[in-house]
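Notes for the one structure printed next.
Values quoted throughout were computed directly from the atomic coordinates according to the rules given, and no laboratory measurement underlies them. In this text, all values refer to a predicted model and were calculated from it rather than measured experimentally. Reconstructed Cβ throughout: ideal geometry from the backbone, glycine too, with neighbour counts over all protein chains shown.
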Amino acid sequence: MTPPPNHSPAPARLHHVAIASSDLDRSLRAYRDGLHLTPRYTFAFPGGQAVILASGPTAEHTCLEIFSRDNAQDLSPEARLLHLCLAVPDVDALYAHALQHGFTVQKEPWTAEHANLAAQEDSSLPKTFACRLGFLHGPDGEIVELFCDQSRDEAQEPSA
């Protein structure tokens, strides 16, 4: 086994796990009311909507991302787990590093900005959020997302 290089990107922390749901409203109610997860973001994607729920008062806490999928009821319980997401300070650096250590490209890093549909009902939530993300295939084909919340970083910039 080759020792890691002297200069490695910063370590990752678990940010969220994504699941598929055939009834997004039912799943949202169950995780919000039953497990006390806090809705933080809701956004549209081609073919549906997704919601991100946090295990604490901010999206800094570990989250659950639920995607609406018409065919979710036809999937095995194992297939409803869509991906594992790791929060990292530098998506591009860790993505390149991971490619040298057994991971393969699923989707190269890009920057996304979404309107936060949940902010229409809760004015305390941000109206938009931006992130840098990229997807990898792990050694057994699992999907791993690398994620950096750029909205949070910009909001925490010190004022001049």
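Listed values, structure above:
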{"quantity": "R0 of 25 Å, Cβ-Cβ distance D70-S123: FRET efficiency to nearest 0.05", "calculated": "0.20"}
{"quantity": "Semi-axis lengths (Å, descending) of the ellipsoid that matches the C-alpha gyration tensor of region 4-160", "calculated": "26, 22, 13"}
{"quantity": "Simple spin-label estimate for D25 and I143 in nanometres, 7 Å along Cα-Cβ", "calculated": "2.6 nm"}
{"quantity": "Added length on full extension, which subtracts the Cα-Cα distance from 0.36 nm per residue, A10 to Q100", "calculated": "30.9 nm"}
{"quantity": "The chain: antiparallel DSSP beta bridges as a percent of all, rounded to 5", "calculated": "75 percent"}
